[in-house]
Amino acid sequence: MASRDLAESLLPGGGGASSASNDEYEERAYDSDDKVTICISDSDAEGPDGAPTSRPPFSWRKLWRFTGPGFLMCIAFLDPGNLEGDLQAGAAAGYQLLWLLLWATVMGALMQLLSARLGVATGKHLAELCREEYPPWATRALWAMTELALVGADIQEVIGSAIAIKILSGGTVPLWGGVVITALDCFIFLFLENYGVRKLEAFFGVLIATMALSFAVLFGETKPSGKELLIGLVVPKLSSKTIKQAVGIVGCIIMPHNVFLHSALVQSRKIDTNKKSRVQEAVYYYNIESILALIVSFFINICVTTVFAKGFNGSEQADNIGLENAGQYLQEKYGTAFFPILYIWAIGLLASGQSSTITGTYAGQFVMGGFLNLRLKKWLRAMITRSFAIIPTMIVALFFNTEDPTMDVLNEALNVLQSIQIPFALIPLITLVSKEQVMGSFVVGPITKVISWIVTIFLMLINGYLILSFYVTDVRSVLLRSSLCVVLAIYLAFIVYLIMRNTSLYSRLWLSMSKSS
């Protein structure tokens, strides 16, 4: 009885009536009271079949009410890992990889729009639907993979934020101290969430604006070539010397946990999923605000890449530039006593680190709750999610020097760790949005489905290159190589299972195996 009381006390509402139905305790992204109401006008009248009698005119007011989830989603395109990939691409390849940054953002936008469509049309987020779609063993495997990706991303994000704090404090706050300060951001998150979704979205809007302003100032001060910028965007160029940076750009753009996050964020608005016109309207406005948000993120990434392309491409610093020394290099080249460019860089980096770690905490709550159907109080879920990442991050901060070559190997390993999880977000996503039983009339068409699979396969090939490169250059032990081969075989088998599960071939094989047994 005592254990039951404890379990009930950890649920939202703390110890409700024991006669509550199972549906009442099923995990949901947002409680009904937390959702933002979208005002409905008289022009939104519907016919008897749920279709609008006339198309409602575009409303700036409605767009404003829907604005928010897309900007939280775009933060994953601006985390410290992405900024480091941008500056290294600019320093190593100049303006040559801007076209790839553009198309990587387009590919990321496609997947995020599919994620939003899934969340709006079904009223459930991707992790919840995976729990319903796949058997328990596959659900737990997908959860474990997503948590690994979250931990890998969070380590880089927290370290990036800690580096910014170290710079802004003039070195007074050590790296581990910055990690502790950043870890406390979950309390900021909980504080703001208690005041409503719109307050939380406004806070992230301020952080994104801070990044945009900081890196725009750097762009204005360094004055990259506008002509080279335009040529880099429209003329594809790739050399053998810049393949590593190219792979890094593509690999950093699509974050597995962000696909899960966006499908949950769109449920923060009250939408009647039983009315087709309401879902159509929500998808329409969410598409607009998501594209606008990604345009802002693309502008920020362009600023960072071109600043370092102008300042350091072809220089001695190009080969060893990173988050910690980038600000110092900028200060030495462009800074003055009256223009502390080092601190402007650090402010932008801090906004990037803080915003991405908080959204990581947000994503972790949805992922854990959705896959495992855990309906816990917000503070408890935030603490559990934050603990998964902070403990390994503190170990990294205490035992690794950010300027040590070992840190580069660790960063590369973390990039590989995140990249290999991408299939476990994209394959379930495409599978679900292609199923009429799940999406109803909002199932994606054949053209969108084919393009989505092409993008997914392309990203899997990119990941294969990353794995092979890491295996060849950084894995020396014979025992470790043998163990990785076994893990890789299991990994590929799971991917094949996810792809084939809903095909007729899989059904025939399963039927024949059942008969033979």
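Read the figures in this text as sums done on the coordinates, not as results from a lab. Quantities reported herein were computed from a predicted structural model and do not represent experimental measurements. No Cβ is skipped: glycine too gets one built from the backbone with ideal geometry, and neighbour counts run over all protein chains shown.
Summary table below
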| item | result |
| --- | --- |
| Backbone N under 11 Å from the residue 503 label point (7 Å along Cα→Cβ), restricted to the range 113-131 | none |
| Extension gain from residue 441 to residue 317, taking 0.36 nm per residue of separation minus the Cα-Cα distance | 39.2 nm |
| Near-label residues of the range 150-192 by backbone N, under 20 Å of a point 7 Å along Cα→Cβ of residue 383 | 180-192 |
| Within straight-line cross-link reach of residue 227, lysines at Cα separation under 29 Å, skipping those fewer than 8 residues along the same chain | 237, 241, 244, 310, 333 |
| Value in Å of the Kirkwood radius, where the range 244-336 supplies the Cα pairs that are averaged | 16.9 |
| Residue 269 long-range amide H proximity, modeled H, under 5 Å | 36 |
| Principal axis dimensions, largest first and in whole angstrom, of the range 195-279 by Cα | 52, 30, 24 |
| The range 353-370 - phi-based ³J(HN,Hα) in whole Hz, Karplus 6.51/-1.76/1.60, Gly and Pro as x | x, 5, 5, 6, 5, 5, 5, x, 4, 4, 4, x, 5, 5, 5, 5, x, x |
| Difference of contour (0.36 nm per residue) and Cα-Cα distance, residue 482 to residue 172 | 107.2 nm |
| Hz values of 3J(HN,Hα) by residue in the range 250-259 - Karplus curve (6.51, -1.76, 1.60), Gly and Pro given as x | 5, x, 7, 6, 9, 9, x, 5, 6, 5 |
| Quarter of Cα convex hull surface for the range 346-392, i.e. mean projection, nm² | 3.6 |
